[in-house]
Amino acid sequence: MASTGDFETKKYINQQTMLRIKDPEKSLSFYEGVLGMSLLKQYDFPQWKFSLYFMGYCPPEDIPSCGPERTRHLLKQRGTLELTHNHDSEEAFADGNEDPFRGFGHIGLTVPDVYAACERFERLQVPFRKKPDEGGMKGLAFIKDPDGYSVEILASTPNGGRRSGESGGGAERDEGLVAQTQYKMTQTMLRVKDPKASLKFYTEVLGMDLLWSHDFPEWKFSLYFVGYCAEPRGGKVPPPDQCSAERRAWAMEQPAAIELTHNWGTEDDPSFKHANGNDEDTRGFGHFGIVVPDVYSACERFKRLGVAFRKEPDAGGMKGLAFIQDPDGYSIEILNFQSLENLEEFGN
């Protein structure tokens with residue numbers, strides 16, 4: 001399923017996934033020291049008692065030191081994390097994977113060698129939800145960050161998700177040295193109630209492409225990966241055969257995809273709904289954010305399409321950015337350079 005969005009959506013970028021955190025010192029230590037991300041930009045808002053930390057995979061020497069250049073650089077990055085810290089808060093956040101608060105599932109990283117990465121995580125005493133050889137799906141793992149959010153560890157190479165005769169050595173095994181150049185944040189997983197409604201929204205309203213999909217009848221669930229292709233539209237991509245290994249491998253390497261997970265039967269239950277991460281007692285995941293050429297033009301189009309808003313561009317104290325909702329009530333921030341430039345007037 002190719003995108004059927006307007007021409008305007010061809011310039012959209014899925015730029016961020018927002019997670020609320022309790023202790024920024026612990027979180028920054030994890031995302032920088034364990035996962036090898038860089039601090040792309042920090043905003044502090046003492047008047048509103050919160051701070052933002054944007055994390056991503058970019059060599060530190062490539063990050064401008066300050067000013068508008070750093071903001072522009074940030075907004076060009078696909079697949080960053082926006083870690084949000086509410087000052088003086090003792091709130092424990094829902095990780096999205098425990099009933100009755102299931103909704104957001106995890107972020108996903110590709111690495112050269114899942115087993116070598118997990119051996120390093122074990123040495124660093126990182127907690128696991130699943131090790132590579134546990135369960136029915138071999139060669140992938142789930143670790144936990146300091147707030148309990150799940151991070152999926154996937155292979156970026158055909159044999160990186162399974163043992164070979166060689167266990168790896170040298171630079172490949174020292175994941176701390178290669179992380180910033182070879183790790184990539186490729187996905188954010190959200191559970192959806194009705195895949196038809198969700199795919200219509202993500203492809204027609206947001207203009208994303210269906211990158212890859214697969215049904216798992218033995219476990220009664222399906223996955224749909226949607227996103228904005230890293231290559232220019234019309235560039236070389238594998239044929240749209242959703243069953244081909246080539247297509248799956250290509251989809252797994254697309255930065256900042258959204259992994260829509262459908263557990264069969266939920267669409268037939270009128271009372272069923274997922275936790276969106278922003279209601280009381282379900283707070284944790286906040287939103288993902290799309291950079292657009294013109295926030296106001298994008299929002300006018302969303303209104304014509306009947307999209308629900310949580311915040312319109314001129315509502316509230318932060319002007320020039322908006323929040324819309326998908327069919328499951330997950331929030332999507334709509335922003336651009338001007339949005340953050342307006343935000344910087346309030347921060348330090």
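The values are calculated or read from the model by the stated rules, or taken from the named source; none is laboratory data. Computed from a prediction, not measured in an experiment: that's the story for all the values here. Positions of Cβ are backbone-derived with ideal geometry, glycine not excepted, and every protein chain shown enters the neighbour counts. All accessible areas refer to the heavy atoms of the entire protein, side chains included, with ligands and DNA or RNA removed. Shrake-Rupley method; radii C 1.70, N 1.55, O 1.52, S 1.80 Å.
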Computed FRET value (nearest 0.05) for residue 72 with residue 25, which takes r as the C-beta separation and R₀ as 22 Å: 0.20
In Å, descending, principal axis extents of the Cα set of region 240-305: 40, 37, 26
Translational diffusion of region 1-83, µm² s⁻¹ [Kirkwood Rh, Cα pairs; Stokes-Einstein; 10 °C; 1.306 mPa s]: 111
Accessible area in square angstrom per residue, region 213-323, 1.4 angstrom probe: 50
Per residue solvent-accessible surface (Å²) - region 69-156, probe of 1.4 Å: 41
Amide hydrogen neighbours beyond the local backbone of residue 105, cut-off 5 Å, H modeled: 189, 190, 191
The chain, accessible surface, carbon-and-sulfur percent (1.4 angstrom probe): 51
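Nearest 5 percent is fine: what portion of the DSSP beta bridges confined to the chain is antiparallel?
Details: 51 of 72 bridges.
Of those bridges, close to 70 percent are antiparallel.
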Restricting region 234-339 to trypsin sites (Lys or Arg not before Pro) in coil, as DSSP defines it, with at most 10 other Cβ within 10 Å: 236
Options 302, 58, 329, ranked by Cα towards positive dipole end of the chain, top entry (Cβ charges): 302
Shape category assigned to region 261-344 from the gyration tensor of Cα positions, a/c cut at 1.5: prolate
Estimated distance in nm for a label pair at residue 92 and residue 130, the labels positioned 7 Å out from Cα along Cα-to-Cβ: 2.4
Heavy-atom accessible area ranking, 1.4 Å probe, most first, across 218, 267, 61: 61, 218, 267
Cross-link reach list, lysines versus residue 193, counting only Cα pairs under 26 Å and skipping chain neighbours closer than eight places: 130, 144, 220, 273, 303, 311
Three principal axis lengths of the chain [C-alpha, angstrom, descending]: 59, 44, 42
